[in-house]
1. Among the residues of segment 60-82, are any over 30 Å from GLN123 (Cβ atoms) and either at pLDDT 85 or above or assigned to a helix (DSSP H, G or I) (or both)?
2. Determine whether ALA78 is of a type in the set (A, V, I, L, M, F, W, C) and surrounded by fewer than 18 Cβ atoms within 10 Å (Cβ to Cβ).
3. If SER104 passes every condition in (1) surrounded by 12 or more Cβ atoms within 10 Å (Cβ to Cβ); (2) modelled with pLDDT of 90 or more but one, which one does it miss?
4. Output the residue which, of all residues in segment 140-168 that are in a loop (DSSP other than H, G, I, E, B) and in contact with a helix residue (DSSP H, G or I) (Cβ under 9 Å, 6 or more places away or on another chain), is modelled with the highest pLDDT.
5. What are the residue pairs meeting all of these: first residue in segment 24-41, first residue on the phi < 0 side of the Ramachandran plot and surrounded by 10 or more Cβ atoms within 10 Å (Cβ to Cβ), second residue modelled with pLDDT of 75 or more and of a type in the set (S, T, N, Q), Cβ atoms under 6 Å, and 6 or more apart or on different chains?
6. Only one of ASN128, ASN122, ASN103, ASN87 is of a type in the set (S, T, N, Q) and under 23 Å from SER159 (Cα atoms). Can you tell me which?
7. Please pick out the residue among ILE77, ILE163 that is β-branched (Val, Ile, Thr) and in contact with an Asp or Glu (Cβ under 7 Å, 6 or more places away or on another chain).
Amino acid sequence: MRDELRLFDRGSTLVELVLVLILVGILSLFVMPRFFDRNTFDTRAFGDSARATVRYAQKTAIAQNRSVFVDFGGGRIALCFDAACTNPVRSPTARNAVPACANSTIWMCDALPANVVIAPANQSFFFNALGRPFNIGNVDPASTFTLLTITMTGGGLNSTITIEPETGYVH
């Protein structure tokens with residue numbers, strides 16, 4: 001009977017508890033600052049948003065059977081129906097960074113966060129009605145578009161968008 005009671009009386013010793021607290025303290029010193037770095041979150045969030053915006057441009061081009069231009073310039077990503085960006089693509093949510101988007105809330109446009117850098121800077125291209133990517137200046141069907149990788153850097157984190165030639169696959 002006493003052996004059965006001993007099996008249920010087992011618990012943590014004070015030494016085990018102290019070791020666990022020390023390990024948690026060490027982890028919090030090295031891991032927690034990474035979770036609270038605003039620049040890291042801004043980079044990741046803008047990278048995800050920009051990737052979704054480029055995908056939206058391709059889908060809009062196919063759905064509306066017309067070219068959609070993507071502009072990574074002037075501290076923003078913007079979608080337009082013309083190369084000069086005088087005819088903006090409407091945002092489905094009507095939410096964007098108003099100052100970077102000509103004070104328009106309906107434009108599919110997003111501002112670059114303050115501590116995030118894009119490389120290559122001022123990159124523009126367009127999707128034709130079939131969703132195929134083209135360089136600015138190309139005329140459909142002759143495309144000189146090659147694999148394009150856009151890197152957003154900030155807070156020690158890199159977020160990339162890659163657009164494949166021919167298919168326009170965005171990943």
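The values are calculated or read from the model by the stated rules, or taken from the named source; none is laboratory data. Since the structure is predicted, the reported quantities are computational estimates derived from the model, not experimental observations. Positions of Cβ are generated from backbone atoms using ideal geometry, with glycine treated the same way; all protein chains shown enter the neighbour counts.
1. No, segment 60-82 contains no residue that is over 30 Å from GLN123 (Cβ atoms) and either at pLDDT 85 or above or assigned to a helix (DSSP H, G or I) (or both).
2. Answer is no for this residue.
3. Only one criterion in (1) surrounded by 12 or more Cβ atoms within 10 Å (Cβ to Cβ); (2) modelled with pLDDT of 90 or more is unmet by SER104, namely (2).
4. If we take residues in segment 140-168 being in a loop (DSSP other than H, G, I, E, B) and in contact with a helix residue (DSSP H, G or I) (Cβ under 9 Å, 6 or more places away or on another chain), then GLY168 is modelled with the highest pLDDT.
5. ASN39/ASN115
6. None of the other options fit; the residue is ASN122.
7. Going through ILE77, ILE163 in turn, just one is β-branched (Val, Ile, Thr) and in contact with an Asp or Glu (Cβ under 7 Å, 6 or more places away or on another chain): ILE77.
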